[in-house]
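Novice: Sharing a structure, written as structure tokens. Questions coming.
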Amino acid sequence: MAAPRAAVELIADKRQGLALAPGEIGRLVDGYLRDQVSEAQMASWLMAVCWQGLSDRELQELTRSMAESGGRLELGSLPGPTVDKHSTGGVGDKVSLVLVPLMASLGCFVPQLSGRALGATGGTLDKLESIPGVRCELSSSEILRVVREVGCVIAAASPELAPADRRLYALRDSTATVQSLPLIASSIVSKKVAEGVQCLLFDVKVGSGALMSDPDGARRLAATLAELARGFHIRTSAMVTAMDEPLGRAVGNALEVKEALDVLSGDGPPDLRELVLEEARELLRLSDQTGDPAAALDSGAARERFSAMVRAQGGAPDAPLPLGVRLATLDAPRGGFLSRLDAGAIGLAAWRLGRGRRAPSEPVDPAAGIVCLAKAGAAVDRGEPLLELWGRPGQDPQPALLALKHAILVGNSPPPPRPLVLEQVAGA
Ligand code: URA
């Protein structure tokens, strides 16, 4: 049998757009984790992938080698279907905070391994941790205990799950190799395979407040994620959803928890409730379950489940949230109809107020954020407050106000209504 080829040969082949032989990507990832392939070699190979892409078989092999680089949650003993959803992230996207306990209240088990703030988009873990006492850094056995007791958990992926993705993601982050469809897809799906769920829904956001701003790219990512996860025998579907304006009205850690609690109590902004219900129905379909998600919100069953999850993770669900104070408002420059409420600019302004990080080790400010008092299509009067900026007492709102300079457009007529779910990509 021929000796395995050296890393430099695999880099050269990928640079020329050639497909690697079966087993070669697995050996490359394994060699990297054992420090036999250098950081420079791995970074070169990743850059070659950014330019040349991967075949379906190579993508499957990369994902498998990352998923199998560590342990796996053992969910087999749970007495019901295991489900989860993954959002590619958007401004004001607090769907997980509602959907996870909602699905648990409908008889599913939801072991959600989630992330922290990335650039202008927030992180579910940072939001949940604004509830006093909540811990999201749990060991695999703690994660399993909470899911078994409560039906759901929202936690950070422990270091033993898909460790290759942790190392590769950090390398990609520092070598401008994050923006590659196969690298994004393998990173996301490897973690979900290690999570071990049976049913999975992808929410790929598209618009100024999302990772993807072009609809074709979002559609391709949604289709790739769904096909890749199905290759690992996960029942999967994907949707492409709008992220041109923030989802709901609140953008910020504690502010978003407050709004999620409103939806969990049968109230809250209609767009957020609609997307939560749409995703819940799709997960029920994928897991062959019946149930009425709207009734579970309206009856308080989903909120009870949320409180139980928070308690099981060390938090005090009824303690006051660290909401901060209102620092400033941004007012309508004229009367008319609000035709743009730019999610990207609002995400940047919230980040400048302190809701996200400048360096991975920085803490986030739970009080920082923005409340949208009106959404696109609303009739507004000149001088009417449209956005509220929130933060710590005495904080200077000017840097955030500057980011909002072009965030708002008021026109003479309402913009055409835009559906929230732009496309449903494949199912089952
Ligand atoms: N989220 C991930 O988990 N991985 C990526 O590569 C991009 C977004």
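Novice: Determine how large the accessible area of residue 124 is when every protein chain is in place; take a 1.4 Å probe and give Å² rounded to the nearest 10.
Specialist: 20 Å²
Novice: So, in Å, what gap is there between the alpha-carbon centers of segment 290-337 and segment 136-208?
Specialist: Result: 24 Å between the Cα centres.
Novice: Another one. Kindly express, to the nearest 10 degrees and within the range 0 to 90, the angle between helix 301-312's C-alpha long axis and the longest C-alpha principal axis of the chain.
Specialist: It works out to around 60 degrees.
Novice: When the accessible area of segment 294-341 is split by element with a 1.4 Å probe, what percent falls to carbon and sulfur?
Specialist: 52 percent
Novice: If we count GluC sites (Glu not before Pro) as exposed when they sit in a DSSP loop and have at most 15 other beta carbons within 10 Å, what is the longest stretch of the chain that avoids them all? Mind showing how you got there, number by number?
Specialist: Values: sites that count: 74, 137, 160.
Within the chain, the longest run free of exposed GluC sites (Glu not before Pro) spans 161-428.
Novice: Same structure again: Cα centroids of segment 47-120 and segment 213-269: how far apart, whole angstrom?
Specialist: 12 Å
Novice: Over segment 42-93, with every protein chain in place, what whole percent of the accessible area is carbon and sulfur at 1.4 Å, could you tell me? Could the numbers behind the result be given before it?
Specialist: Numbers: 1040 of 2030 Å².
Its accessible area is 51 percent carbon and sulfur atoms.
Novice: Would you mind checking the tilt of helix 253-264 against the longest principal axis of the Cα atoms of the chain, expressed as 0 to 90 degrees and rounded to 10?
Specialist: 80 degrees
Novice: Still on this structure: Running Debye on the chain with equal point scatterers at the Cα sites and no solvent, what base-10 log of I(q)/I(0) appears at q = 0.09, 0.11 Å⁻¹?
Specialist: Once normalised to I(0) and log-transformed, intensities are -0.57, -0.84.
Novice: Once label points are set 7 Å from the Cα along Cα→Cβ at both residue 331 and residue 9, what is their separation, rounded to one decimal in nm?
Specialist: Using points 7 Å along Cα→Cβ, the separation is 7.2 nm.
Novice: On to the next question. Just the number please: accessible area per residue for the chain, 1.4 Å probe, all protein chains included, in Å².
Specialist: With the other protein chains kept in place, the chain gives 40 Å² per residue.
Novice: I want to make sure I understand the PRE zone here: with the label point 7 angstrom from the Cα of residue 299 toward its beta carbon, which residues in segment 117-156 have backbone N atoms less than 19 Å away?
Specialist: Under cut-off, by backbone N: 150-152.
Novice: Here's another thing I want to ask about it. Kindly report, to the nearest 10 Å², the accessible surface of residue 405 as traced by a 1.4 Å probe over protein heavy atoms only.
Specialist: Spelled out: residue 405, probe radius 1.4 Å, area about 140 Å².
Novice: Suppose the chain between residue 216 and residue 21 were pulled fully straight at 0.36 nm per residue; how much longer would it get relative to their current alpha carbon spacing? Each step should come with its number before you reach the end.
Specialist: Values: separation 195, 0.36 × 195 = 70.20 nm, distance 2.99 nm.
Working it through step by step, the gained length comes to 67.2 nm.
Novice: Give me the distance in nm between label points sitting 7 Å out from Cα along the Cα-to-Cβ direction at residue 405 and residue 135, one decimal.
Specialist: 4.7 nm
Novice: In addition: Can you tell me the 0 to 90 degree angle between the C-alpha axis of helix 95-105 and the longest principal axis of the chain, rounded to 10?
Specialist: 80 degrees
Novice: Mind listing P(r) for segment 325-411? All alpha-carbon pairs, 5 Å bins, whole percents.
Specialist: Spelled out per bin, shortest first, that is 3, 16, 26, 22, 16, 9, 4, 2, 1.
Novice: Select from 21, 378, 194 the residue whose mean-square fluctuation is largest in a Gaussian network model of the chain (Cα-Cα springs shorter than 10 Å).
Specialist: So, out of 21, 378, 194, the one fluctuating most is 21.
Novice: So, one more: Taking amide hydrogens as modeled 1.01 Å from N in the peptide plane, which residues meet the under 5 Å criterion relative to residue 234, leaving out close sequence neighbours?
Specialist: none
Novice: Then there is this: Determine ³J(HN,Hα), in whole Hz, for all residues of segment 227-244 in sequence, where each value follows from phi through the Karplus function 6.51 cos²θ - 1.76 cosθ + 1.60 and θ = phi - 60°; x replaces Gly and Pro.
Specialist: For segment 227-244, the Karplus-derived couplings read 5, 5, 5, 5, x, 9, 6, 9, 6, 9, 9, 9, 10, 9, 10, 6, 9, 8 Hz, x marking Gly and Pro.
Novice: How high is the relative contact order of the chain, in percent, with contacts defined as C-alpha pairs under 8 Å that are six or more residues apart?
Specialist: Rounded, it is 19 percent for the chain.
Novice: Of 375, 85, 191, which has the largest mean-square fluctuation in a 10 Å C-alpha GNM of the chain?
Specialist: 375
Novice: Name the most mobile residue of 203, 216, 93, meaning the one with the largest mean-square fluctuation, in a Gaussian network model of the chain with Cα contacts below 10 Å.
Specialist: Among 203, 216, 93, the largest GNM mean-square fluctuation belongs to 216.
Novice: What length, rounded to one decimal in nm, is gained on full extension from residue 412 through to residue 72, with 0.36 nm per residue of separation minus their alpha-carbon distance?
Specialist: 116.9 nm
Novice: Using a 1.4 Å probe and ignoring any ligands, DNA or RNA, find the accessible area of residue 178 and quote it in Å² to the nearest 10.
Specialist: 30 Å²
The values are calculated or read from the model by the stated rules, or taken from the named source; none is laboratory data. Everything quoted here is computed from the prediction, not taken from an experiment. A quick note on method: Cβ atoms are made from the backbone with ideal geometry, for glycine too, and the neighbour counts reach across all protein chains shown. Remember, those area values only see protein heavy atoms, side chains included, never the ligands or the DNA or RNA. Shrake-Rupley method; radii C 1.70, N 1.55, O 1.52, S 1.80 Å.
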